[in-house]
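Heads up: the structure comes next, in structure tokens.
The values are calculated or read from the model by the stated rules, or taken from the named source; none is laboratory data. No experiment lies behind these values; they were computed from the predicted model shown. Cβ sites come from the backbone with ideal geometry, for glycine too, and all protein chains shown count toward neighbours. The accessibility values were calculated without ligands, DNA or RNA, using every heavy atom of the protein model including side chains. Shrake-Rupley method; radii C 1.70, N 1.55, O 1.52, S 1.80 Å.
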Amino acid sequence: MAISTDDFIPAYPGKDVDDVVILGGGLAGLFCALKLSPRPVTIISNAPIGQGASSAWAQGGIAAAISEKDSVEKHRDDTLAAGCGICEENIVDQMTREGSDRVHDLLSYGVPFDQDLEGRLQLSREAAHSHSRVVRVRGDMAGKAIMDALIAAVRRTPSIRVLEGYMGESFIGEGRYVTGVLARRRGGLERMAFPAKAVVLASGGIGHLYAMTTNPGEANGHGLAMAARAGAVISDAEFVQFHPTALNVGSDPAPLATEALRGEGAILVNKAGERFMEGIHADLELAPRDIVARAIHREILEGRGAYLDCREAIGARFKDDFPTVFAAAQNAGLDPVKDLLPVAPAEHYHMGGVLTDANGRTSLDNLWAAGEVASTGAHGANRLASNSLLEAVVFAARIAEDIQGLMPTPRSAFWDEMDAAPGLPSQRNFEERDAITVLRKTLSENVGVLRNREGLRRAMADIQKAESVCVRQSIQNMMVTGKLIAAAALMREESRGGHFRTDFPDENPAKAKRSYTTLKEVNALVAESLETAI
């Protein structure tokens, strides 16, 4: 639906259209902007860059086959195995082959990766990796260190303009051709148009659609919904990764107890001190994340509790080797040197997203996507640990290279299928807050670690009812993404990777393929669920 020019104001009246607009100030967005330099770029970020990005919270590091004992082929094979049969093999091959180059790019931007006295990168091992290949910074500070270095590089690059405090709501375009972003200043009512010769969606993940997550509040699925509303194909939306070991201390977001702790030998026990991963998987605590998450979920459901025991494996080294986790534990009144750490699965990463090709192009013309909002096919049904930062930089660089030779001429109509009202009564604001609570609760209970047909249908019906009280576009976008995930989970009648159906607990070889859907198809399924609920 086209909107009147009275409904928005131009971001830069009287000035030429920006070459590239990037929606999102996380790792993918910043890296893409730097790779596009000296081409003019505008980054639109909901929060000050670095503060609202999951990238800055990444504790493990970035996986890349760098050591002489490792190989690209081994990294590729580990990634394919973790993906449970539905990774795009050519995408995985390209990503792992470019990993070393991208790590050296990050070094050139000033990222202080851990090195030995001879200047060799120090590598650690994480779950489902056959070799030590995770490049870290001071144990658990890789994400923050990478983002700090890139933010500094962006700030000193004159071709990059950063606009903080704006939330994207809709894409500008004509038909299936994207020509810009319609955004609203955070906390305000005015919407501004940001026309562009190319648009890159790098808006992050979906964590805060769930009641327990390790993600910042800005990870609320709005970019995925924007693309879906504009008609983009969404792929693998049902595959949500729950980090097994979030600290279960009542915080929102939940502090993350990095997998590197288990890589260093920390074990999982219940209240009775039993090591419950024994007999579940040969790799024990370093089994794939979905298996560990379900094991912990079961211990908690059955009243035995779940705890990470770091006392013997790490002990007095904890404060120096894992300062972020140590601080989080201390804030909760725990001393990981002598106390067990209570843990629970929390939404951590979305393997699905906006479908892209090997160059980050979506199914909409002139729209690229990178980072967690994208579905490249690299992760399949279950992301291999520390491949997320790798995927972000590899495909951000590919997008930049692709855009350099493709600068389309913009046009002038606007997508805004769900226009927001100019005023929001206080009662309506209250109802919208309630709607968000309903969304997070129903996704956690019905579209979480364990799923079934009845719960998924209930989730879609509950989200649709909650959406009926929502006026603000940003809140509606959250509801849209919630429905996309629930519907995709309902359509996959098997268990695979991060998607586990108690009514279909086994893998179905006939379904060893990626899923594809559109918002139109999902809305039809939601309508059917509403009729069933009635």
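In order along the stretch 311-328, the phi-based Karplus estimate (6.51 cos²θ - 1.76 cosθ + 1.60, θ = phi - 60°) of 3J(HN,Hα) comes to 5, 7, 5, 10, x, 5, 6, 4, 4, 7, 7, 9, x, 5, 5, 4, 5, 5 Hz; Gly and Pro are listed as x.
Using a probe radius of 1.4 angstrom, the carbon and sulfur fraction of the accessible surface of the chain is 50%. Put the Cα centre of the stretch 88-109 next to the Cα centre of the stretch 464-534 and the gap is 32 Å. Antiparallel beta bridges, as assigned by DSSP with both residues in the chain, represent about 60 percent of the total such bridges. The distance separating the Cα centre of the stretch 128-167 from that of the stretch 316-354 comes to 20 Å.
Taking 7 Å steps out from each Cα toward its Cβ at Leu189 and Arg155 produces label points 3.5 nm apart. Listed here are the pairs Lys441/Lys520; Lys197/Lys513; Lys74/Lys271; which of them are more than 29 Å apart at the Cα? With Cα atoms farther than 29 Å apart: Lys197/Lys513; Lys74/Lys271. Label-to-label distance, Lys465 versus Leu301, with points set 7 angstrom from Cα along the beta-carbon direction: 2.4 nm. Its alpha carbons give the chain an Rg and a Dmax of 22.1, 69 Å. So how far, in whole Å, is the C-alpha centre of the stretch 240-260 from the one of the stretch 192-217? Measuring centre to centre over Cα atoms gives 20 Å.
If you count only protein heavy atoms with a 1.4 Å probe, what accessible area per residue comes out for the chain, rounded to a whole Å²? With the other protein chains kept in place, the chain gives 37 Å² per residue.
Of all lysines in the structure, the ones whose alpha carbon falls short of 22 Å from that of Lys319, not counting any fewer than 8 places away in one chain, are Lys144, Lys338.
Percent of Cα pairs in the stretch 23-174 per distance bin of 5 Å, from zero to the largest separation: 2, 9, 16, 18, 18, 15, 12, 7, 2, 1, 0, 0.
Across the chain, the relative contact order, built from alpha-carbon pairs under 8 Å that are at least six residues apart, equals 21 percent.
Which aspartates and glutamates have a Cα less than 19 Å from the Cα of Lys69, not counting those fewer than 8 places away in the same chain? By straight Cα distance, Lys69 reaches Asp77, Asp78, Asp93, Glu98, Asp101, Asp114, Asp116, Glu118, Glu126. Of Gln122, Val178, Leu150, which is farthest along the charge dipole of the stretch 60-183 in the positive direction, counting Lys and Arg as +1 and Asp and Glu as -1 at C-beta? Farthest towards the positive pole: Leu150. Protection proxy ranking of 447-453, 275-281, 387-393, by the mean of other Cβ atoms within 10 Å over each peptide's residues and highest first, is 387-393, 447-453, 275-281.
Shown in residue order for the stretch 239-253 are the 3J(HN,Hα) couplings computed by the Karplus curve 6.51 cos²θ - 1.76 cosθ + 1.60 at θ = phi - 60°: 8, 10, 9, 9, 5, x, 10, 7, 5, 8, 10, x, 8, 10, x Hz (x for Gly and Pro).
Positive-end ranking of Val134, Cys32, Ser45 along the dipole of the chain, with charges on Cβ about the Cα centre, is headed by Ser45. Kirkwood Rh and Cα-based Rg: tell me the resulting Rg over Rh for the stretch 97-227, rounded to two decimals. With Rh from the inverse mean 1/r over Cα pairs, Rg/Rh is 1.04.
Per residue, the average separation of C-alpha pairs within less than 8 Å and at least 6 apart gives the stretch 324-387 a relative contact order of 25 percent.
For the pair Met491 and His104, label points projected 7 Å from Cα toward Cβ lie 4.2 nm apart.
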